[in-house]
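The values are calculated or read from the model by the stated rules, or taken from the named source; none is laboratory data. The model shown is predicted, which means the values in this text are computed figures rather than measured ones. With ideal geometry, Cβ positions are generated from the backbone for all residues, glycine too; neighbour counts draw on all protein chains shown.
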Amino acid sequence: MQKDSLSFYGASLKSEDCSKSAKLYSDLFGGEVQVASPGHAELLFSDNQRVIFSKETEECPVTPGTLVWKIERAKVESFETQLLSAGFEKESGTEKYSSYLDTWKNRIWLYWY
């Protein structure tokens, strides 16, 4: 396949209310909501970093996804508090990273430096 005929578009996460999910993730991680409806939403972080939220239907099979974020170690505790108060559940953690699940079982990894 020619290089210019295929390009990365985005990562996908599962949701029941995509508008609400896009707003939540925008509030927590930044990015601009490009499209928002109950069944589909897109959050743009840069030209090639897009997160797509989809509600599962018969025509659109969706499974929970995973995003990995790099964060300054000094900001981990404060950001974890934000995640937990936004409804995320802490799943696991070590001295270098931790993972959290949202309501739809999408996983967020925080990797710190």
Q.
Suppose we filter S26, S46, S21, S15 for residues that are among the polar types (S, T, N, Q) and touching a helix residue (DSSP H, G or I) at 6+ places or on another chain (Cβ under 9 Å); which single one remains?
A. S15
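Yes/no per residue for (1) modelled with pLDDT under 95; (2) touching a His at 6+ places or on another chain (Cβ under 7 Å):
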{"position": "M1", "(1), (2)": "yes, no"}
{"position": "G10", "(1), (2)": "yes, no"}
{"position": "A22", "(1), (2)": "no, no"}
{"position": "D27", "(1), (2)": "no, no"}
{"position": "V33", "(1), (2)": "no, no"}
{"position": "A36", "(1), (2)": "no, no"}
{"position": "D47", "(1), (2)": "yes, no"}
{"position": "S54", "(1), (2)": "no, yes"}
{"position": "P64", "(1), (2)": "no, no"}
Q: Would you check if there is a residue in the stretch 14-35 being among the aromatic types (F, W, Y), under 22 Å from Y111 (Cβ atoms) and either surrounded by 12 or more Cβ atoms within 10 Å (Cβ to Cβ) or in contact (Cβ under 8 Å) with a residue 12 or more places away in the chain (or both)?
A: yes
Q: Could you list, in sequence order, all residues of the stretch 77-96 that are acidic (D, E) and either exposed (fewer than 12 other Cβ atoms within 10 Å of the Cβ) or within 26 Å of V62 (Cβ to Cβ) (or both)?
A: E77, E89, E91, E95
Q.
Given the options S99, S46, S54, name the one that is crowded, with 16+ Cβ neighbours inside 10 Å, small (G, A, S), within 30 Å of S7 (Cα to Cα) and without any contact (Cβ under 8 Å) to a residue 24 or more places away in the chain.
A. S99
